[in-house]
Amino acid sequence: MKLLPGEKVKFLNEAIEGVVTRILNNDRVEVTDEFGFTHTAPEKYLVRIEFQMEERMHSVIPGEETGKDLNEAHAHRPVSIISSLAADETIYAAIILQDSDSPLSSDIELKLVNNSSSAVSFTVSRKDEEVRIGVTAGVLKPKSELLVGVFSQDELHRFNGFVFQFLFFNEGIFKPRPFAEKSLKFSSSDFVEGENWDVIKHRDLKTLLMPLHVLGREAGVDLQKLIDRYETDKLESSKRKEPDEVKGKKKKAEKFVILNKEKIVDLHIEELLKDHAEMSNSQIISYQLKKFQYEMDQAIINHYYKIIFIHGVGEGILKSAIREELKKYADIKFSEAPYEKFGHGATEVIFS
């Protein structure tokens, strides 16, 4: 099936209809929907609306080829990502490599995956200097996914990542959730450094997942209350002098803490990347923060008790950036990691 500009089409797996506006390279097509948003997708994910109606009409007649062709098209649909995920109330960006044999030059498909029990109103835009460029918007039902677009390496390098914005709702009575926003920047080189990502198994195309938001961990924190609680805990800890006869209880408590999930993450760039000589300082900070955000999301998803980020002393830029990000998380406490082990170069995060 070869599409032409001006033809009306529908996405096979998404509730999106529009008009073909451009034919791109590598069998990709640009489609503009009724709201004026553009979507880029492989041609195999699209069907002509007029032809689809004919197929539905003739498919009830035994032996008709159109019915057979329609069944074959359904058989070749990509396996859904949702079917590979356990329930975790998380919204993901799924980044799919179109050509696994050429990861550094392959086009990359971006999907939004709602693995939560809430419906999500969303916008997706590209970051470009001081402005944003709209990519798509809509509503994503619970346990569903949607194609954002397919992007070439040149396109990904021309702008500074994506911004996702979310509003949440459910039918009937539900507890309101605050607005959420998440930035994401990626390229095909992330597939080379795959240890930083979750890889979905049993899929034809190599797919990486990046958590964008975990419901139930919204940043609705009262900052002053968090600071007061931290100062109170710190004061009580410094005053507490346990007598010898209760040392056994103290040891028992420490043993309980050890059994909880803990992790130490070294954010020094030489520990994250083998070759970073060509990166600017801003690119290095951006990469380190992306690693920090990923590890925080994973700690929340996997119910960690504690995580320590080693950021070093230096000029304090990374440390300040991490502290600002931590202020956005609810149900956590953070402070300097133990001085005797890390000096002033690490931050300890405790999950409530």
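Residues are listed down the side, and each one gets a yes or a no for (1) touching an Asp or Glu at 6+ places or on another chain (Cβ under 7 Å); (2) more than 27 Å from residue 186 (Cβ to Cβ); (3) outside any strand (DSSP E or B):
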| site | (1), (2), (3) |
| --- | --- |
| 285 | no, no, yes |
| 294 | no, no, yes |
| 321 | no, no, yes |
| 335 | yes, yes, no |
| 340 | no, yes, yes |
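Within the option set 344, 303, being touching a Phe, Trp or Tyr at 6+ places or on another chain (Cβ under 9 Å), exposed (fewer than 14 other Cβ atoms within 10 Å of the Cβ) and touching a residue at least 24 places away in the same chain (Cβ under 8 Å) holds for one residue only, 303.
Out of all the residues in region 306-334, which are among the small types (Gly, Ala, Ser) and exposed (fewer than 14 other Cβ atoms within 10 Å of the Cβ)? Reasoning before the result, please.
So in region 306-334, the residues among the small types (Gly, Ala, Ser) come out as 312, 314, 316, 320-321, 330.
Answer for region 306-334, where residues must be among the small types (Gly, Ala, Ser) and exposed (fewer than 14 other Cβ atoms within 10 Å of the Cβ): 314, 316, 320.
Taking region 172-182, which residues are farther than 27 Å from residue 294 by Cβ and free of Cβ contacts under 8 Å to residues at least 24 places away in the same chain? Show your work before the answer.
Restricting attention to region 172-182, the residues satisfying the condition of being farther than 27 Å from residue 294 by Cβ are 172-176.
172, 173, 175, 176, listed by residue number.
Taking the conditions exactly as written (exposed (fewer than 11 other Cβ atoms within 10 Å of the Cβ), at pLDDT 50 or above and under 24 Å from the mean Cα position of the chain (by Cα)), does residue 87 satisfy them or not? Considered against the rule, which asks whether it is exposed (fewer than 11 other Cβ atoms within 10 Å of the Cβ), at pLDDT 50 or above and under 24 Å from the mean Cα position of the chain (by Cα), residue 87 comes out as yes.
Only one of the listed residues (200, 133) is hydrophobic (A, V, I, L, M, F, W, C) and either buried (at least 17 other Cβ atoms within 10 Å of the Cβ) or modelled with pLDDT of 90 or more (or both). That residue is 200.
Applying the criterion of being touching a strand residue (DSSP E or B) at 6+ places or on another chain (Cβ under 6 Å) and among the charged types (D, E, K, R) to the residues of region 171-194, the residue that is modelled with the lowest pLDDT is 177. Candidates in region 20-36 are the residues that are out of contact with any helix residue (DSSP H, G or I) (no Cβ under 8 Å at 6 or more places or on another chain) and crowded, with 19+ Cβ neighbours inside 10 Å; of these, the one that is farthest from residue 110 (Cα to Cα) is 20.
The values are calculated or read from the model by the stated rules, or taken from the named source; none is laboratory data. Given the structure is predicted, the values throughout are model-derived calculations rather than measurements. Reconstructed Cβ throughout: ideal geometry from the backbone, glycine too, with neighbour counts over all protein chains shown.
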